[in-house]
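Report on the structure given below.
The values are calculated or read from the model by the stated rules, or taken from the named source; none is laboratory data. From a predicted model like this one, the values you see are computed outputs, not experimental measurements. Cβ sites come from the backbone with ideal geometry, for glycine too, and all protein chains shown count toward neighbours.
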Amino acid sequence: MSTTEKLLEGTGRWFESLGMKPGWLHARLATYTELGIAPLLFLGLLTPLAAAGAIGVMLVALITNHLKNGYFIFRPGEGYEYVLYILLSAFGLCLLGGGKYSLDNAFNIPHMYGGYGFLISLLGVVGAIGLLIVFWRPPAKTAE
């Protein structure tokens, strides 16, 4: 078994512990989404669409894992401070676009920011909510 397969297997078990079942599927979905959107955001290519991917991933992370741990990231279990920052930054990228030095601008890709960017950002929100409705089954709380 390769190192990548071992990491995905462990990540899948972690997703299962959060109630995201099947864990193997969500480990791959999250990994491939993050690997796909990172270069697009870095290059400023299809920026609002890539940012919508970040919105989806971060919204699922916020709801399934971080929200219950309080605000600050250094709290046990990691709070939602950093996840919320990425989420709001991604919304900002949807609204503002990639900017002057982006590939969106260099390739003269039609302006997808502003109102259109906001609509595109909703793809991430709807995707996250849909994923949570279909797959998330929070673990039952145990009595202490």
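A few points about this structure:
- Flag for Leu119 being over 21 Å from Leu35 (Cα atoms), in contact with a Ser or Thr (Cβ under 9 Å, 6 or more places away or on another chain) and free of Cβ contacts under 8 Å to residues at least 24 places away in the same chain: no
- The stretch 112-135: number of residues that are surrounded by 13 or more Cβ atoms within 10 Å (Cβ to Cβ) and over 18 Å from the mean Cα position of the chain (by Cα): 4
- Looking only at the stretch 14-31, residues that are exposed (fewer than 13 other Cβ atoms within 10 Å of the Cβ) and either modelled with pLDDT of 95 or more or farther than 22 Å from His66 by Cβ (or both) come to 1 in all.
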